[in-house]
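Take a look at the structure below.
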Amino acid sequence: MSDQEENPSTPSDDNFVPPPKETIDQILNKDVEDESLRKYKEKLLGQAAKGVPKTDDPRLVVIKSFGVTFPNKEHADIIRELDTKQKEEDLKKSAIVIKEGSDYQFVVCFKVQHEIVSALKFSNSVYKASIRVEKKDHMIGSFAPSDVENTWKSPIFSAPSGLLARGSYKANTKFIDDDKKTHLELDYAISIQKDFEG
């Protein structure tokens, strides 16, 4: 849903086979005689190298908030907290209003628990009148479990402009890792208007 050209189609990764999953303990206990490798792994794993934070929440990725930010400071950030299922549902009803032609970025705050999550991806599809007008995938990265929240911002997009571009859009975002596990799927509404006030 931007004026930018779609990226040329990239080769399908359907044939990609991720390496076998290993626990953090398995990773740390490999090659223990190699001091430099041990230090490197501890640096890479950060807090998780000293022990994985305990939680009763079974989720590996916990999305804390989702929204858009405006790099040109045209408007305050529009951030929606996602600490309850009801707030996830509310995203469908209360549209994020974006002024036509303005630059924006998606911003996500999240936490990783229990195990390493590899190649976490933000997959976003936008629809107008049931027709998909955009699909974009963006790599977020790989993360070890930690109590510390991570913040990710998408590349900068430009909202479309003009009479035909204005109106209501429905969007769907999935957070998927390299095992093709969907950690969260969000449906939300966007409204492109002449101004931020609609």
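The values are calculated or read from the model by the stated rules, or taken from the named source; none is laboratory data. Please read all numbers here as calculations on a predicted model, not as lab measurements. FYI the Cβ positions are ideal-geometry reconstructions off the backbone, even for glycines, and counts take in every protein chain you see. Heavy atoms of the whole protein, side chains included, go into the accessibility calculation; ligands, DNA and RNA do not. Shrake-Rupley method; radii C 1.70, N 1.55, O 1.52, S 1.80 Å.
Each row is one residue, and each column tells you yes or no for (1) of a type in the set (Val, Ile, Thr); (2) open to solvent by less than 60 Å² (accessible area, probe 1.4 Å); (3) within 28 Å of Asn72 (Cα to Cα).
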site: Val107; (1), (2), (3): yes, yes, yes
site: His114; (1), (2), (3): no, yes, no
site: Met139; (1), (2), (3): no, no, yes
site: Ser154; (1), (2), (3): no, yes, yes
site: Tyr169; (1), (2), (3): no, yes, yes
site: Leu184; (1), (2), (3): no, yes, no
site: Ala189; (1), (2), (3): no, yes, yes
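Pro145 falls short on exactly one of the conditions (1) open to solvent by less than 40 Å² (accessible area, probe 1.4 Å); (2) within 23 Å of Asn72 (Cα to Cα); (3) more than 13 Å from the chain's Cα centre (by Cα), and that condition is (2).
Could you list all residues from region 116-134 that are surrounded by 14 or more Cβ atoms within 10 Å (Cβ to Cβ) and more than 12 Å from the chain's Cα centre (by Cα)? Please lay out each step first, then the result.
Going residue by residue through region 116-134, those that are surrounded by 14 or more Cβ atoms within 10 Å (Cβ to Cβ) are 116-128, 133-134.
Ile116, Val117, Ser118, Ser125, Val126, Tyr127, Lys128, Val133, Glu134 - these are the residues of region 116-134 that are surrounded by 14 or more Cβ atoms within 10 Å (Cβ to Cβ) and more than 12 Å from the chain's Cα centre (by Cα).
How about region 63-90: which of its residues are free of Cβ contacts under 8 Å to residues at least 24 places away in the same chain, farther than 28 Å from Gly101 by Cβ and part of a helix (DSSP H, G or I)? Matches in region 63-90: Lys85, Gln86, Lys87, Glu89.
With a requirement of 2 or more residues that are more than 21 Å from Thr69 (Cβ to Cβ) and β-branched (Val, Ile, Thr), the strands (runs of 3 or more DSSP E) lying completely within region 92-198 that satisfy it span 131-143.
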